[in-house]
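What follows is a single structure, written as structure tokens, with notes after it.
The values are calculated or read from the model by the stated rules, or taken from the named source; none is laboratory data. Treat the numbers as computed from the prediction; the structure is a model and nothing was measured. Cβ atoms come from the backbone with ideal geometry, glycine included; neighbour counts cover every protein chain shown. Just so you know, the surface numbers come from the protein's heavy atoms only, side chains and all, with ligands and any DNA or RNA stripped out. Shrake-Rupley method; radii C 1.70, N 1.55, O 1.52, S 1.80 Å.
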Amino acid sequence: MTMIIGHRGARNLWPENSFTGFRNLLEFPVEGVEFDVHLTKAGEVLVIHDPTLERTTDGTGRVADLAPGAHRSVTLHGSDGDTIPTLDEVLEIFATTDHEIHLELKTDADHLPYAGGLEERVLEAIDRHGVASRTVVTSFSHDVLAQLKELRPDQRRLASMHLPEAERLGLEPGLRTLLDLADIIAIEKTLLADNWATITALVPADRLGVWTPNDEDELADWLSRPLRQVTTDRPDLALKRR
């Protein structure tokens, strides 16, 4: 059965990467949750997608520049007072569930890996909460994936690919690189649909995923294909069609 992963805690149902979204996702019989982390200069690992605050919160500036504890005074747009979660707080929500945790390590506002040891801090956190066996650490950055592989070779890793990367590296050479860096390859839906034969010839079905179909009929199509996982902002519709 193809796994259903709630993208950013199901961001089309609740504010993305929010306490509300993560807690509500527990009510859906999906197999996994996906969320993103950034690192502040104070060493706090925060669950937020962008390297800056403006799009998803009432704050301004870079996530990295937040003072210790300042995330508590930043409210997520569209929420009922939700603040930015820490990684520990989100892992605590899923520590006693069966969900597979897809934890994406983002790069900084200059698209560079964080210099303050984000990879080490993430691995320490998943150990602290006892979820290493259920966690897949993910990234678009080859450097981040290589660092994770060096630090903990047996920790499952997922590499994401979209059209700009396929154009930059070449689709087939890029996939071969990712297959060496990661256990699972997640492909943006249009890139995967347009290159289905090429990609599936290189990537086994049990290592291949798609992101992020959200239309009900589109979800039905992807769920009928030989894939490990479908990552979606609408897990409710995915469950309905599965």
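Results, tabulated for the structure shown:
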item: Answer label for Cα Rg over 2.2 N^0.38 Å (calculated), chosen among [x] 1.15; [y] 1.30; [z] 0.96; result: [z]
item: Magnitude of the charge dipole, the chain, Cβ model with Lys/Arg +1 and Asp/Glu -1, debye to 20; result: 320 debye
item: Interchain or long-range residues, amide H under 5 Å from Val136's placed H; result: Ile101, His102, Leu103
item: Charge sum, other residues only, whose C-beta stays under 14 Å from Leu46's C-beta, Lys/Arg counted +1 and Asp/Glu -1; result: -4
item: The chain, relative contact order [Cα under 8 Å, separation at least 6], %; result: 20 percent
item: Residue-normalised accessible area of the chain, expressed per residue, 1.4 Å probe, Å²; result: 42 Å²
item: Helix-only [θ]222 nm of the chain, DSSP H runs n ≥ 4, -39500 (n - 2.57) each, per residue, nearest 500; result: -9000 deg cm²/dmol
item: Relative contact order [Cα under 8 Å, 6+ residues apart], the range 125-242, whole percent; result: 18 percent
item: Whole-angstrom gap from the range 119-185 to the range 11-63, using each part's C-alpha centre; result: 19 Å
item: Label-point gap, in nm, between Glu167 and Lys41 - each point 7 angstrom along Cα→Cβ; result: 3.5 nm
item: Test item: Cα-centred dipole of the range 67-115, Lys/Arg +1 and Asp/Glu -1 on Cβ, debye; result: 200 debye
item: Which of Val203, Phe22, Ala42, positive extreme of dipole for the chain (C-beta unit charges); result: Val203
item: Other-chain or far-sequence residues with amide H under 5 Å of Thr57's (modelled H); result: His77
item: Options Thr52, Gly116, Pro235, ranked by Cα towards positive dipole end of the chain, top entry (Cβ charges); result: Pro235
item: Cross-link table Lys41/Lys189; Lys149/Lys240; Lys106/Lys189, entries beyond 32 Å C-alpha to C-alpha; result: Lys41/Lys189; Lys149/Lys240
item: Within a Gaussian network of the chain (alpha carbon springs, distance under 10 Å), most fluctuating of Glu92, Glu44, Glu16; result: Glu92
item: Among Ser224, Ile93, Leu13 - extreme Cα towards positive end, dipole of the chain, charges at beta-carbon; result: Ser224
item: Surface share of carbon and sulfur [accessible, 1.4 angstrom probe, percent] for the range 37-193; result: 49 percent
